[in-house]
Amino acid sequence: MKKKIYGSLLLNLFTMVSVIVCVIILASRGPKTFRMFTTQSNVVSGIVAAIIVIFDILILLKKRNELPEWLKVVKMVTTTGVTLTFLVVVFYLGFVAISQGYSYFVLFRSTNLFFHFLTPVSAILSFLLFEGSNKIKYKYTFLNMIHMVGYTIFYSINVFTHLKEDGSVDRKYDWYYFVLGENWTFIFVVLGMIIITYGIGFGLWWINKKAYLKINNY
């Protein structure tokens, strides 16, 4: 039991500290950096990690027996967000960088190394290995899409209220290059992101539950 708590504590401390340091660095670049889903998902993940650190310490001090179930649900939701960030960078934005004449690994430098890779991986490992639960109900998997849907609404408004005079998309506002063809094709990107996000969240929920049942010999 203690090994599980120490594992959770270590990974969540790493997430918390890395997010704090990266936010301090990014804040010096101006508020625009916080419009990015990457930054938002990592910041929220860092906040939840800090809460889990507090509960882990209370458990080690024998003030509590385990993490509350609501916190595990919230951790699932935030882990879905940073996992989405990680996968989009690895399987999409990295290749966009190449098409723009940059190295694939330009998205894994400085703070991006943490926000695009290390923080998501630490969140995934802590949720799957140390914060298992068989009490997170299936219906809660739909909560994993809240941030993505909200961000999609913001992103869509931002893109299509800043079109050029000829009706084409201004790349300055389509910073994720989601509108690569005709404007109407964006709807397929939205549908794809909804499916992918739900799939990620469902996968995390399922693996988390299976890992818990196996560890506890159910």
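The values are calculated or read from the model by the stated rules, or taken from the named source; none is laboratory data. The model shown is predicted, which means the values in this text are computed figures rather than measured ones. Every residue, glycine among them, receives a Cβ derived from its backbone with ideal geometry; neighbour counts consider all protein chains shown.
Below are the figures for this structure:
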{"item": "Search result, residues across segment 22-47 that are β-branched (Val, Ile, Thr) and in contact with a helix residue (DSSP H, G or I) (Cβ under 9 Å, 6 or more places away or on another chain)", "result": "23, 25, 33, 38, 39, 43, 44, 47"}
{"item": "Candidate set: segment 154-212, residues that are aromatic (Phe, Trp, Tyr), modelled with pLDDT of 95 or more and touching a Ser or Thr at 6+ places or on another chain (Cβ under 8 Å); chosen: the one farthest from residue 97 (Cα to Cα)", "result": "205"}
{"item": "Selection count, segment 25-58, where residues are over 23 Å from residue 197 (Cα atoms) and modelled with pLDDT of 95 or more", "result": "9"}
{"item": "Identity of the residue in segment 2-39, under 30 Å from residue 63 (Cβ atoms) and of a type in the set (Phe, Trp, Tyr), that ends up farthest from the chain's Cα centre (by Cα)", "result": "6"}
{"item": "Residues within segment 1-32 that are free of Cβ contacts under 8 Å to residues at least 60 places away in the same chain, buried (at least 17 other Cβ atoms within 10 Å of the Cβ) and under 24 Å from residue 93 (Cα atoms), tallied", "result": "1"}
{"item": "Subset tally (residues that are farther than 22 Å from residue 148 by Cα and touching a helix residue (DSSP H, G or I) at 6+ places or on another chain (Cβ under 7 Å)) for segment 66-75", "result": "2"}
{"item": "Of residues in segment 109-118 being more than 22 Å from residue 149 (Cα to Cα) and crowded, with 21+ Cβ neighbours inside 10 Å, the one modelled with the lowest pLDDT", "result": "111"}
{"item": "Test: residue in segment 95-108 that is surrounded by 14 or more Cβ atoms within 10 Å (Cβ to Cβ) and within 13 Å of the chain's Cα centre (by Cα)", "result": "no"}
{"item": "In segment 63-87, residue surrounded by the fewest Cβ atoms within 10 Å (Cβ to Cβ) [restricted to those that are without any contact (Cβ under 8 Å) to a residue 24 or more places away in the chain and either in a helix (DSSP H, G or I) or in contact with a His (Cβ under 6 Å, 6 or more places away or on another chain) (or both)]", "result": "70"}
{"item": "Residue list for segment 122-179, restricted to those being surrounded by 15 or more Cβ atoms within 10 Å (Cβ to Cβ), β-branched (Val, Ile, Thr), assigned to a helix (DSSP H, G or I) and without any contact (Cβ under 8 Å) to a residue 40 or more places away in the chain", "result": "159"}
